[in-house]
Amino acid sequence: MSTTTHARNFIDGLWTDSDTIGESTDPATGVVLGTFADGSASEARAAIDAARRAFETGDWARDRDLRARALFEMADRMAERRDELVALLSRENGKIPAEAALEIDLTISKIRYYGALALTESGRASEVKPGLYSMTLRQPAGVAGVIAPWNSPIILSVRSFAPALAAGATVALKLPSQTALTNSLLFEIIAAVKTLPKGVFNAFTESGSAGARLIVADPGVDVISYTGSTHVGRSIMANASPSLKGMSLELGGKTPMVIFDDADLDAAVPVLTKAITTFTGQFCMTGSRILVQRGVADELRSRLSAALEAVRVGPGTDPTSEMGPLIDRANADRVDKEIADAAEYAKILVRGGRITDGPLAAGAFVRPSLIEVDDVDRPIVQQEIFGPVATFEVFDDEADAIARANATEFGLAASIWTRDVDRPLRVGRELEAGTVWANTWAVIVDQMEEGGFKQSGVGRLNGERALEEFQEIKHIVHPAPRRA
């Protein structure tokens, strides 16, 4: 594991401290892991200014070969320190080691994908009329402000800043304090990339929001990429509106997992269990709504309840742990209250909730919960819980399933379970969701776009579209008539 005990910020090629020092704690034990330079508006100002200078005075925006080399080297540096990242992310973020490893391994491949895309993206050209040539060029938008969350800080920040860098933008990145030591290790890895020019990548950790607000509002930032809650996303869009910035927002989710009578329950139950408990439910694509057709409702209710009750909750240091803690005890208390409130109007199938006694009581541990509810307007259905809590809802036919699945303001993802080969396409076409899986869940690939419908966001990340979020399209018209 990294020996970093004091995390600093990385701005304009230099390591910087802050006037305020914060503490990072282990969510499994509450023990202090180290300290960090707690950034604010001054760090954001310095990051924006450095990124602007690098964009306007260097070769980064014009040299795609340089961008590709830097991204490939970045992936190599991360691969070299992969085990350190996994260990520190697991301890500071609370993920069990297998989940932390999944995050880092997916991140390395994503950086390489965008290194390749830096070389292969192109514009269009045509002789639109005799002697009239028309072409489009994709140019970087300028400075990209990236704000990423604590639940998967490495992959969710890279998912934004890697395509930004590939497109030729420069970056001012704000990461949250809950993963301050992990953030600093990421910055250290990127600082070691010799082919990356000074000022192209700038990053700071912040426990508050003054720096993030400056990134959003400052006219020196040309495009914003934010991953987080719908509530904050709305605020970002409003605060960025005076300068009409480009905007990519991936926001909250309430993923319906739709199980039809003909589904293979042997295959479905383990995946549904993982969909509720992966990252302790702190995942925008958590399978937080189990929609089951009436014919198999009794069997699935019994099997899924037993599977959730059997989940082994514990710290990442215990190799038998199947689900780690929440990010902190305040969130564990919040999730427990959500379950208690739901008991007033719904049936609690698996109580789960806060662990308040025994060796895990000092940490932010909760057990998974399953709550049966009929009314889709209830808060437990409509609100993103961000914990290992799922609703159990029964439907009658395809039309009923579609209506229920679409009944929230969210539209990030959905999953359909059936042996009918046509049903995933037929039903999936009607679901208001950016990603629909058939007989699986949480399969995400670098080459294909990802994003939300409705209040789950605007724009897309992953795939070629991600580059476009950080580019402007310039149309060039060149008359060159044939000589007589």
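Anything in segment 17-59 that is open to solvent by less than 40 Å² (accessible area, probe 1.4 Å) and of a type in the set (S, T, N, Q)? List them, or say none.
SER18, SER24
Does ARG81 meet the test of being under 21 Å from ALA166 (Cβ atoms) and not hydrophobic (A, V, I, L, M, F, W, C)?
No; evaluated as a whole, the condition is false for this residue.
For segment 253-277: of the residues being assigned to a helix (DSSP H, G or I) and in contact with a Leu (Cβ under 9 Å, 6 or more places away or on another chain), which is surrounded by the most Cβ atoms within 10 Å (Cβ to Cβ)?
Ranking the qualifying residues of segment 253-277, first place goes to ILE276.
Just checking, how many residues over segment 278-290 are aliphatic (A, V, I, L, M) and in a strand (DSSP E or B)?
So the count comes out to 1.
Hey, any hits in segment 101-118 for a residue that's open to solvent by 50 Å² or more (accessible area, probe 1.4 Å) and β-branched (Val, Ile, Thr)?
No; the residues of segment 101-118 include none that is open to solvent by 50 Å² or more (accessible area, probe 1.4 Å) and β-branched (Val, Ile, Thr).
Do you know which of the residues in segment 1-16 that are open to solvent by 30 Å² or more (accessible area, probe 1.4 Å) and among the hydrophobic types (A, V, I, L, M, F, W, C) is nearest to MET78 (Cα to Cα)?
MET1
Which residue out of SER302, SER321 is in contact with a strand residue (DSSP E or B) (Cβ under 9 Å, 6 or more places away or on another chain), at pLDDT 95 or above and over 30 Å from HIS231 (Cβ atoms)?
SER321
Within segment 218-252, track down each residue that is under 21 Å from PRO140 (Cβ atoms) and open to solvent by 40 Å² or more (accessible area, probe 1.4 Å).
PRO219, ASP222, SER243, LEU244
For segment 84-107, which residues satisfy the criterion of being within 16 Å of SER160 (Cβ to Cβ) and either without any contact (Cβ under 8 Å) to a residue 40 or more places away in the chain or of a type outside the set (A, V, I, L, M, F, W, C) (or both)?
GLU103, THR107, listed by residue number.
Go through (1) closer than 22 Å to GLY452 by Cα; (2) part of a helix (DSSP H, G or I); (3) hydrophobic (A, V, I, L, M, F, W, C) for LEU214 and report which single condition fails.
Answer for LEU214: the failing condition is (1).
Would you confirm whether or not segment 94-110 contains a residue that is at pLDDT 95 or above, within 19 Å of THR29 (Cα to Cα), not small (Gly, Ala, Ser) and not in a helix (DSSP H, G or I)?
Yes, because at least one residue in segment 94-110 is at pLDDT 95 or above, within 19 Å of THR29 (Cα to Cα), not small (Gly, Ala, Ser) and not in a helix (DSSP H, G or I).
Starting from segment 126-150, keep only residues that are part of a loop (DSSP other than H, G, I, E, B), then list their pairs with residues that are open to solvent by 70 Å² or more (accessible area, probe 1.4 Å) and at pLDDT 95 or above whose Cβ atoms are within a distance under 9 Å, requiring at least 6 positions of separation or different chains.
GLY131/PRO479; ALA141/GLU472; GLY142/GLU56; GLY142/GLU472
The values are calculated or read from the model by the stated rules, or taken from the named source; none is laboratory data. Just so we're clear, the structure is a prediction, and the values are computed from it rather than from any experiment. We place every Cβ from the backbone using ideal geometry, glycine too, and count neighbours over all the protein chains shown. Please note that ligands, DNA and RNA were not included when accessible areas were found on the heavy atoms of the full protein model with its side chains. Shrake-Rupley method; radii C 1.70, N 1.55, O 1.52, S 1.80 Å.
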